[in-house]
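As structure tokens, the structure follows; a few thoughts come after it.
The values are calculated or read from the model by the stated rules, or taken from the named source; none is laboratory data. Computed from a predicted model, the values in this text were never measured in an experiment. Quick reminder, even Gly has a Cβ in these numbers, built from the backbone with ideal geometry, and neighbours come from all protein chains shown. Just so you know, the surface numbers come from the protein's heavy atoms only, side chains and all, with ligands and any DNA or RNA stripped out. Shrake-Rupley method; radii C 1.70, N 1.55, O 1.52, S 1.80 Å.
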There are 2 protein chains.
Amino acid sequence: MKVYLDNNATTKIDPLVKVKMQPFFEDLYGNPNSLHQFGMDVRPHLNEALGSMYDALHVRDEDDILITSCATESNNAVLKGIFFKYILSNPEKNHIVTTSVEHPSVLDTLSFLSEHGVDVTYVDVDNEGGISLEAMMAAVTDKTILISMMWANNETGMIFPVKEVSEAAKEKGILFHTDAVQAIGKIPVNLTDIDVDYMTFSAHKFHGPKGIGGLYVKKGKSLPNLFHGGEQMGGKRAGTLNVAYIVGMGLAMKQAVGHVEKMNIDVRRLRDKLEDAISKIADTIVVGPREKRTPNTILVSLKGIEGESMLWDLNRAGIAASTGSACASESLHANPVMSAIGEDPELAHTAMRLSLSRFTTEEEIDYVIEMFTKAAERLRAISSTYAYTNKAS
Amino acid sequence: MKVYLDNNATTKIDPLVKVKMQPFFEDLYGNPNSLHQFGMDVRPHLNEALGSMYDALHVRDEDDILITSCATESNNAVLKGIFFKYILSNPEKNHIVTTSVEHPSVLDTLSFLSEHGVDVTYVDVDNEGGISLEAMMAAVTDKTILISMMWANNETGMIFPVKEVSEAAKEKGILFHTDAVQAIGKIPVNLTDIDVDYMTFSAHKFHGPKGIGGLYVKKGKSLPNLFHGGEQMGGKRAGTLNVAYIVGMGLAMKQAVGHVEKMNIDVRRLRDKLEDAISKIADTIVVGPREKRTPNTILVSLKGIEGESMLWDLNRAGIAASTGSACASESLHANPVMSAIGEDPELAHTAMRLSLSRFTTEEEIDYVIEMFTKAAERLRAISSTYAYTNKAS
């Protein structure tokens, strides 16, 4: 059996999305910016896709959804846009507040900008992997121009207080950006209820194609382009439109948002079943209370077992999981979220993430429970550190 | 009959490329950066695609080909990378030389950077639409850090002296970038023979998908990322890899480069046949000598006929052409290349571009000749300016 439990890294394409994209690899190849029939033929499809996204996220007509090539582009666009628009010309407003567990596309961009005069405060998560309104706002100074905080964490699934922080930021005249990559399709994301200035998303996290994403920009909050050039996207993001993927993302988002209730009930039930089984294994720690997490994610630490070893045992059984973000998977650093939580450094290397999707079945979860338990037993039996730890305690 | 003669704007996907991409919309959906089997399954396909590109462009192993989302991204990455690496910290080297007929993604980016201390010299084309080595190098000063010159012009097809300018730049210790979007698949592009530091390309100009491109970066000439984040592309361009399109681009480039000879013989013959017929119409000007142009392109001006009107007449006959770059098509400015050539401003509004591909057939060209001639007659008959011009002369 092959079981894919790495849906926070990437997801399979919804079969309906695949079908929807096909004509754009065939006859509908015109450039939508062209004035001839080949160009005009594709425009209604683009409009439909954008309409689906406006509806799914409850975006007001006057606001922008800029199509980008991925969430990494969206995050770079916001942070570098803020740099060019505000910080480069006014070093008095050079401070950005974020969390220490953002995606690398936020952390690395800020690290780069800090070489060019940007001052960044990284707020640590608490021992549940959570972030409080108080902790975020305590980091704000008179020089703060932007707060960037993810909606839900990719590693733990912990949901961060986006509504509260966005409101507090607004009161202080501070811009607010959220990376909602791990939220859309998993929990409700309603931009009429929650008033953010910028929001990042990515299709391949909700069963759309890899290589397309978006950036919500509130009216009046435009930033200098990351891509200067042609007049696409109202001149706010240049580059020939990837029509096939935009159409695919529109349907994928509609489908994903339409399945949030299924996520909350059916996928949550399967996740909890798996989590219950894992928690019965001695000396395991699951990070964060279930009710504060996205319904599909488990970050678990198994004392005495390297995450990598567990990964390989599961992989041999046909099960895909991860030790953390795929964007950092090729380096064998300690899991950054585990480190931020402040657990024993040894434990940080024992972290393992299991992330379900709406396509995950009960049969698959039963199989994973069996294989996971076996792998834990096998690896504990040959673990010198686990035996040592037990003897020592 | 439907005839697509707007291949400099975008091209249809090679049917072989479509087939090659399919599995990556189905079972091969793993993130190539993931360590499990789903991730590992896709890596050989990525390596094959990159290998095809290294071979097709004759790139040395030690140099980088960074995959980007489009040529616009590649051009922004080079120009903003130069800004961050050199100009921001050393205003003594703040000068960039380019041409006045570059793609908007170069011109607009430079316009933006000029608000932040970059000094730009725009070299005009001569009355053939060409650029000389002498004109480019005459613009160089002690402060010049970069020369950016396209390999072939998108409007006229005129081929610019890339080899000569790159060698002259090297002698003076100036970095050299070329936007080769309109060259690849049309004329030979061999980076062993021609020593550039940076080169931009885009798949959708050579029968690959829209939304994927590349940037060649010579060893030792790395720039700060446009996308900071994950460790993809050796940490030089973050963002989850668009596996399907990378695989598609690899095959598309292999196919396109493999058909350069066909372009030079068969497509050139069809282009020349069309151009001969158009040139028989009174008071037409085709820009640039044929032998100095890519073999698929004609930029023609018909005295007394608005390019837009001609476009609509052809469109009604099922023929797709353009008045210029699709990236600027929604604004009805005068064609910028015609303006740069310095023709009568009235003529700049009469420009029309016809661009063939290796899929263009003789039957199609015969049909276009018939329809083009009819349209010119019809529009001249109702043109007040043409009658006026004739009377006046």
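Averaged over the residues of peptide B:65-77, the number of Cβ atoms from other protein chains lying within 10 Å of each residue's Cβ is 5.
Helices in the protein assembly as shown, meaning DSSP H runs of at least 4 residues, each add -39500 (n - 2.57). Divided by all residues, the mean residue ellipticity at 222 nm is -11000 deg cm²/dmol.
Over all residues in B:108-115, what is the mean tally of Cβ atoms on other chains that come within 10 Å of each residue's Cβ? List each step's numbers first, then the result.
Details: counts 8, 5, 1, 1, 4, 2, 0, 4.
Neighbouring Cβ atoms belonging to other protein chains average 3 per residue here.
Relative to its Kirkwood radius, the Cα radius of gyration of the protein assembly as shown gives an Rg/Rh of 1.00.
Each residue of segment B:312-317 was assigned a 3J(HN,Hα) from its phi angle through the Karplus curve 6.51 cos²θ - 1.76 cosθ + 1.60 (θ = phi - 60°); the sequence is 6, 4, 5, 4, 4, 8 Hz, with glycine and proline shown as x.
Taking GluC sites (Glu not before Pro) as exposed when DSSP calls them loop (any state but H, G, I, E, B) and at most 15 other Cβ atoms lie within 10 Å, what is the longest stretch of chain A free of them, the sites themselves excluded? By the stated rule (loop sites, at most 15 other Cβ atoms within 10 Å), A:129-329. Computed over chain B, the quotient of the alpha carbon radius of gyration and 2.2 N^0.38 Å is 1.02. Per-residue SASA remark: A:D27, around 130 Å² accessible (1.4 Å probe; ligands, DNA and RNA not included). When the Cα centres of segment B:152-183 and segment B:119-149 are compared, how far apart do they sit, in Å? About 10 Å separates the Cα centre of segment B:152-183 from the one of segment B:119-149.
When chains B and A come together, the accessible area they lose, probed at 1.4 Å and totalled over both chains, is close to 6200 Å².
Cross-link reach is defined here as a Cα-Cα straight distance under 19 Å, omitting same-chain residues fewer than 8 places apart; for B:K12 the lysines meeting it are A:K18, A:K20, B:K2, B:K20, B:K186, B:K205, B:K210, B:K254, B:K262.
Here, segment B:1-84 has an Rg and a Dmax of 16.7, 51 Å when only alpha carbons are counted. Within a straight-line Cα-Cα reach of under 20 Å, A:K303 can be paired with the following lysines, leaving aside sequence neighbours fewer than 8 residues apart in one chain: A:K280, A:K374, A:K391. Taking the alpha-carbon distance from A:K93 and a cut-off under 22 Å, which lysines remain once sequence neighbours fewer than 8 residues away in the same chain are dropped? Partners within reach: A:K80, A:K85, A:K143, A:K170, A:K172, A:K218, A:K219, A:K221.
At R0 = 56 Å, how high is the FRET efficiency between A:D27 and A:D283 if r is their beta carbon distance? Nearest 0.05 is fine. Plugging the Cβ-Cβ distance into 1/(1 + (r/R0)^6) gives 0.40.
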